[in-house]
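Engineer: Quick one: this structure, given as structure tokens, is what I'll be asking you about.
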Amino acid sequence: FIGRMASLLAAPLLMAALSLGRQVEPETSLGENTFDRSMKLPEKIILGYANWCECDNKIVKAVEDGVNVVVWFNTNLKQDDDGNAFVESCTNLTCVAKTAKTLEERGLSTVHLMSIGGWNSPHPDTAFTGQEWFQAWKKWNTETAASETHGFHGFDGFDWDIEGNDDQHSNWNMLPTKTLNVMGEMSMEAKKHGYIVAMAPAQSYLDASAHEASYKLNNNPSVPDWHQDFPYHGRNNYAYLLAEYGTENFDLVTLQLYEGWSRANYEITKQKVTPSEYVRSLVKRMDEGWQVTFPDLGEKKVSVPASKLIVGLANGWAKDSNGKFLFIQPSELAAASRSESSAQQLQHRGYGFWNIGDEGTAEVHLASGLNAFMNTRNQ
């Protein structure tokens, strides 16, 4: 994630080779006998990201503490030496299947998603269409990730985490329409086959307070007097996906308020807006929608319905960042949920956090802290 520091690198990757197909339909419609996995999504969500390549007992503990959607990290959509589409993953998939079985045996209903991308990671190879990538991903999911032995039928869907790169000259600091169209087409195809599709843009990649769109990922912050020496922001890049492919093709949008020197950081730490008030206004603004001017689409209105919005937080790792990454205590958000007027307020779907592996760092436990007022698990 862009908020995670430009020093993170993916671990050595295990590869699973796969293949193809193509054709995009204008609207999402489930095929006959297709199970809509989005029906598995809880009414209130605490979403936890596994750390890079993580699969350990911390996942189980986080779910016991309140997490009900786990996003495993990560995969990349690449081309192998023979020119075939393949899904590259660094996560021990047997461990994932065993963990899923443990959670099921303990009566902890959990949605499992797999991320695509991450900071410093390659973007989807555009030699293949979105439908071809979906077919490759589905094959990987059902034949490689799934485990009959452990009763794991594969991931319930995927989460887009396509981001920038430390290297200012990297190709991955551009997110052009060709790549966005592959992402959008793959998302449509996945929805048509009943999978959950989520996205996790850094706040600058989907900024309801900004009206300009750019396909660069190495801009300075759009707030003029705010850390202009940090050239790692986007400009409503992910808004293109919502404008062109519709919110109906995306089940969840986890907005990273912890992006390095984010707008939320500016508003809360410099402008002294309380976290609860900031989240309230953000949810309302994104639900109502905002106008975005795209280089090749002109002006379009985009929105994120509150029912799909996950507010993305950082746990204890962000406390030792000299203010670069926004840290919000769960107690600062709980107050708003208990206020007399909270029942009348627009409620977003839930909260998410990066990352489960850092739970307990600096004595911060976001899963249990959020569950204290979200009540996603029995306490």
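The values are calculated or read from the model by the stated rules, or taken from the named source; none is laboratory data. Computed from a predicted model, the values in this text were never measured in an experiment. No Cβ is skipped: glycine too gets one built from the backbone with ideal geometry, and neighbour counts run over all protein chains shown. Side chains included, ligands, DNA and RNA excluded: accessible areas come from the protein's heavy atoms. Shrake-Rupley method; radii C 1.70, N 1.55, O 1.52, S 1.80 Å.
The rows are residues; the columns are (1) among the hydrophobic types (A, V, I, L, M, F, W, C); (2) touching a residue at least 60 places away in the same chain (Cβ under 8 Å); (3) over 22 Å from MET374 (Cβ atoms).
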site	(1), (2), (3)
LYS61	no, yes, no
ASP65	no, yes, no
ASN68	no, yes, no
VAL71	yes, yes, no
ASP81	no, no, yes
VAL87	yes, yes, yes
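Engineer: So which residues in the stretch 354-374 are touching a Pro at 6+ places or on another chain (Cβ under 6 Å) and surrounded by fewer than 21 Cβ atoms within 10 Å (Cβ to Cβ), if there are any at all?
Structural biologist: Within the stretch 354-374, no residue meets the criteria.
Engineer: Residues in the stretch 105-151 that are closer than 21 Å to MET39 by Cβ and either among the hydroxyl-bearing types (Ser, Thr, Tyr) or touching a His at 6+ places or on another chain (Cβ under 8 Å) (or both): how many?
Structural biologist: Selection size over the stretch 105-151: 6.
Engineer: Kindly evaluate THR126 against the criterion of being open to solvent by 10 Å² or more (accessible area, probe 1.4 Å), touching a helix residue (DSSP H, G or I) at 6+ places or on another chain (Cβ under 6 Å) and part of a loop (DSSP other than H, G, I, E, B).
Structural biologist: Answer is yes for this residue.
Engineer: Among the residues of the stretch 51-75, write down those that are more than 22 Å from TRP133 (Cβ to Cβ) and open to solvent by less than 10 Å² (accessible area, probe 1.4 Å).
Structural biologist: Answer for the stretch 51-75, where residues must be more than 22 Å from TRP133 (Cβ to Cβ) and open to solvent by less than 10 Å² (accessible area, probe 1.4 Å): ILE59, ALA62, VAL63, GLY66, VAL67, ASN68, VAL69, VAL70.
Engineer: Moving on to the next point. Within the stretch 271-302, which residues are of a type in the set (Lys, Arg) and over 22 Å from ALA335 (Cα atoms)?
Structural biologist: LYS300, LYS301
Engineer: Another question about this same structure. Do we have any residue at all in the stretch 224-241 that's farther than 19 Å from VAL87 by Cα, of a type in the set (D, E, K, R), modelled with pLDDT of 95 or more and outside any loop (DSSP other than H, G, I, E, B)?
Structural biologist: Looking for residues that are farther than 19 Å from VAL87 by Cα, of a type in the set (D, E, K, R), modelled with pLDDT of 95 or more and outside any loop (DSSP other than H, G, I, E, B), one finds at least one in the stretch 224-241, hence yes.
Matching residues to (1) free of Cβ contacts under 8 Å to residues at least 40 places away in the same chain; (2) more than 19 Å from ALA213 (Cα to Cα); (3) part of a loop (DSSP other than H, G, I, E, B); (4) open to solvent by less than 10 Å² (accessible area, probe 1.4 Å):
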| site | (1), (2), (3), (4) |
| --- | --- |
| TYR258 | no, yes, yes, yes |
| GLU267 | yes, yes, no, no |
| VAL273 | yes, yes, yes, no |
| GLU277 | no, yes, no, no |
| SER281 | yes, yes, no, no |
| ASP296 | no, no, yes, no |
| VAL304 | no, no, yes, yes |
| VAL311 | no, yes, no, yes |
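Engineer: Next question, about the same structure. Being in a loop (DSSP other than H, G, I, E, B) and polar (S, T, N, Q) is the filter; apply it to the stretch 76-98 and report the residue that is surrounded by the most Cβ atoms within 10 Å (Cβ to Cβ).
Structural biologist: THR91
Engineer: Still on this structure, I have one more. Take PHE152 and decide whether it is out of contact with any Ser or Thr (no Cβ under 8 Å at 6 or more places or on another chain) and under 26 Å from TRP354 (Cβ atoms).
Structural biologist: Against the criterion (out of contact with any Ser or Thr (no Cβ under 8 Å at 6 or more places or on another chain) and under 26 Å from TRP354 (Cβ atoms)), PHE152 qualifies.
Engineer: If you don't mind, there's one more thing I want to ask. Restricting the search to the stretch 101-111, which residues are open to solvent by 10 Å² or more (accessible area, probe 1.4 Å) and either farther than 19 Å from ASP251 by Cβ or assigned to a strand (DSSP E or B) (or both)?
Structural biologist: Once the filter is applied, which keeps residues that are open to solvent by 10 Å² or more (accessible area, probe 1.4 Å) and either farther than 19 Å from ASP251 by Cβ or assigned to a strand (DSSP E or B) (or both), the stretch 101-111 yields LYS101, THR102, GLU104, GLU105, ARG106, GLY107, LEU108.
Engineer: For the stretch 162-209, give me each residue that is under 20 Å from TRP119 (Cα atoms) and assigned to a strand (DSSP E or B).
Structural biologist: Matches in the stretch 162-209: ILE162, MET174, VAL197, ALA198, MET199, ALA202.
Quick grid of which residues meet (1) of a type in the set (A, V, I, L, M); (2) at pLDDT below 95; (3) farther than 17 Å from ALA50 by Cα:
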| site | (1), (2), (3) |
| --- | --- |
| LEU313 | yes, no, no |
| ALA334 | yes, yes, yes |
| SER337 | no, yes, yes |
| SER341 | no, yes, yes |
| LEU366 | yes, no, no |
| THR376 | no, no, yes |
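Engineer: Quick check on the stretch 147-161. Is at least one of its residues open to solvent by less than 20 Å² (accessible area, probe 1.4 Å), closer than 21 Å to ALA239 by Cβ and in a loop (DSSP other than H, G, I, E, B)?
Structural biologist: no
Engineer: Report, by residue number, each residue of the stretch 196-231 that is touching a helix residue (DSSP H, G or I) at 6+ places or on another chain (Cβ under 6 Å) and aromatic (Phe, Trp, Tyr).
Structural biologist: Once the filter is applied, which keeps residues that are touching a helix residue (DSSP H, G or I) at 6+ places or on another chain (Cβ under 6 Å) and aromatic (Phe, Trp, Tyr), the stretch 196-231 yields only TRP226.
Engineer: A follow-up question, please. If you scan the stretch 166-178, which residues turn out to be open to solvent by less than 20 Å² (accessible area, probe 1.4 Å) and over 17 Å from the mean Cα position of the chain (by Cα)?
Structural biologist: Answer for the stretch 166-178, where residues must be open to solvent by less than 20 Å² (accessible area, probe 1.4 Å) and over 17 Å from the mean Cα position of the chain (by Cα): just ASN173.
Engineer: Yes or no: GLY184 under 22 Å from the mean Cα position of the chain (by Cα) and either free of Cβ contacts under 8 Å to residues at least 24 places away in the same chain or surrounded by fewer than 18 Cβ atoms within 10 Å (Cβ to Cβ) (or both)?
Structural biologist: Judged against the criteria, GLY184 is not a match.
Engineer: Only one of (1) part of a helix (DSSP H, G or I); (2) touching a residue at least 40 places away in the same chain (Cβ under 8 Å) is not met by MET39, so which one is it?
Structural biologist: Unmet for MET39, out of (1) part of a helix (DSSP H, G or I); (2) touching a residue at least 40 places away in the same chain (Cβ under 8 Å): (2).
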